[in-house]
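The values are calculated or read from the model by the stated rules, or taken from the named source; none is laboratory data. Every value quoted in this text rests on a predicted model; they were computed, and no experiment measured them. FYI the Cβ positions are ideal-geometry reconstructions off the backbone, even for glycines, and counts take in every protein chain you see. Just the protein is used for accessible areas: all its heavy atoms, side chains included, with ligands, DNA and RNA removed. Shrake-Rupley method; radii C 1.70, N 1.55, O 1.52, S 1.80 Å.
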Amino acid sequence: MEKERHVLVIFPHPDDEAFGVSGTIASYVENGTPVTYACLTLGEMGRNLGNPPFATRESLPKIRRQELVDAANIMGIQDLRMLGFRDKTVEFEDDEELTKKMSSFIEELNPSLIITFYPGYSVHPDHEATGRAVVRAVGRIAPDARPKLHCVAFSNNSLEELGEPDIINDISAVKDKKIATIRAHRSQTESMMASWSENAQNTDPAILRWIEKERFWSYKWPKQ
Amino acid sequence: MKPIDRVEVQQKIDALAGSDVYLHLETTNGAYATHNDESFFSAGAYIRNAMIRYEHGKIVGDGPYRAGLKLEIGWVYGEGLTHFEIDDQGRLLMAGLDFNGKLAVAMQISASPFE
Ligand SMILES: [Zn+2]
């Protein structure tokens, strides 16, 4: 992984970083790179309330806020921003307002790398709207002054249309932190992690191989 | 939340009748339904903090349950309700959890706005 000045991670939901990015974040933090995580919503509309349910529609945001704080602590993130948008409504916000918000973070933090979702390839409407807003904000910066933009893509057509991801981070050195981060988002991940073990040594090798590599696509700017 | 107790829910519905209340009504199959199964037609609706006043309301069925509220000039209903809680603010929170425990419908009534 290249040395960065500052990494800015922008996602709409508290667990968006867990499976695909938390190892990359933890690796940057361990290298002494400042990381800011801006999370737009508290995942208020999550469908997992625990089984049997330990949350309600109304208590879920409070639970997920704490899970996000715990996850940030595990990854070593010093600067966690909760932006106060509401789950599943991001695409209905005023586009210009959203872009300005993203621009103000970029101006303030001057990141050398931004990580977000790839518009068109990230499935959830909030992911798409967040990715679009970040792309609009970065697109307003002169091409030679832009921070790098690494995107997460997981729609069924992403490999076919974007090709193989050009950034593959091996995060095996911090895999315990990654597993602990995933676990911290308990309300959303508990049922799927039931079969996972406490530490990396005892986790299913197939799951470990999947966990150890984090994949990103550099955003492809249209030719000028 | 616990499985719906019709008597307890009916009492709460009765207690909130006839005054201005705030409604949260939501149906969802999740934002990933079509991603997971391209033949699935994804649909849902959501309203939060609609102020209503209902003349009377009822919870019916043998589980999953249906709840309907009769307004002066309209109706509100939800179906597939399985669980409920009357929370520490006295709000009636009802939800329908599917076979995997995931929320599929929520119908909530409160005397004060939801935050
Ligand atoms: Zn998400």
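Straight-distance candidates among the lysines for linking to A:Lys62, with alpha-carbon spacing under 25 Å and chain neighbours fewer than 8 residues away dropped: A:Lys88, A:Lys101, A:Lys177, A:Lys178, B:Lys2, B:Lys12, B:Lys102. Here's the picture: charge each Lys and Arg Cβ at +1 and each Asp and Glu Cβ at -1 in the range A:125-171, and of A:Gly163, A:Gly139, A:Leu149 the one pushed furthest to the positive end of that dipole is A:Gly139.
Order of B:2-14, B:103-115 by packing, highest average Cβ count within 10 Å first?
B:103-115, B:2-14
Helical runs assigned H by DSSP (4 residues or longer) give the protein assembly as shown a calculated mean residue ellipticity at 222 nm of -9000 deg cm²/dmol, each run adding -39500 (n - 2.57) before division by the residue total. By its C-alpha gyration tensor, with a ≥ b ≥ c as the square roots of the eigenvalues, how is the range A:6-109 shaped: rounded for a/c under 1.5, else prolate for a/b larger than b/c, else oblate? Note, shape of the range A:6-109 comes out oblate.
What is the magnitude of the charge dipole of chain A about its Cα centre, with +1 placed on the Cβ of each Lys and Arg, -1 on the Cβ of each Asp and Glu, and no other charges, expressed in debye to the nearest 20?
Here chain A has a charge dipole of around 140 debye.
Here the Karplus relation 6.51 cos²θ - 1.76 cosθ + 1.60, evaluated at θ = phi - 60°, turns the backbone of the range B:81-97 into coupling constants of 7, 10, 10, 8, 8, 9, 7, 5, 9, x, 8, 8, 10, 10, 9, x, 9 Hz, with x for every Gly and Pro. Beta bridges assigned by DSSP with both partners in the protein assembly as shown are antiparallel in approximately 75 percent of cases. Comparing A:Val69, A:Ile211, A:Asn48 along the charge dipole axis of the protein assembly as shown, the residue lying farthest to the positive side is A:Val69, per the Cβ-charge model.
Rounded to the nearest 10 degrees, the inclination of helix B:6-16 to the longest alpha-carbon principal axis of chain B is 60 degrees. With the whole protein complex present, A:Tyr121 retains an accessible surface near 40 Å², based on a 1.4 Å probe. In summary, the lysines within cross-link reach of A:Lys175, defined as a Cα separation below 16 angstrom excluding same-chain residues under 8 places away, comprise A:Lys213. Here's the list of aspartates and glutamates a cross-link from A:Lys3 could span, going by alpha-carbon distance under 16 Å and ignoring same-chain residues fewer than 8 apart: A:Glu30, A:Asp170. Among B:Ile73, B:Ile47, B:Ile59, the largest mean-square fluctuation in a Gaussian network model of chain B (Cα springs under 10 Å) belongs to B:Ile73. If only the Cβ of Lys and Arg carry +1 and only the Cβ of Asp and Glu carry -1, the dipole of chain B around its Cα centre is close to 180 debye.
Which log10 I(q)/I(0) values does the protein assembly as shown give at q = 0.07, 0.12, 0.13, 0.15 Å⁻¹ under the Debye formula, counting every alpha carbon as one identical point scatterer? Taken in order of the listed q values, log10 I(q)/I(0) reads -0.33, -0.90, -1.02, -1.24. Volume per residue for the range B:2-110 equals 110 cubic angstrom (convex hull of Cα atoms). Largest accessible area first, the listed residues A:Arg81, B:Arg91 line up as A:Arg81, B:Arg91 when surface is computed with a 1.4 Å probe on the assembled protein chains.
State whether the range A:55-100 is rounded, prolate or oblate according to the following rule on the C-alpha gyration tensor (a ≥ b ≥ c being the square roots of its eigenvalues): a/c under 1.5 gives rounded; otherwise a/b larger than b/c gives prolate, and the remaining case gives oblate. Verdict is oblate for the range A:55-100.
Taking other residues whose beta carbon is less than 15 angstrom from the beta carbon of A:Leu159, and scoring Lys, Arg as +1 and Asp, Glu as -1, yields -1. In the context of the full set of protein chains, the range A:72-224 has a per residue accessible area of 50 Å² (1.4 Å probe).
Between the C-alpha center of the range A:63-132 and that of the range A:16-37 there is a gap of 14 Å.
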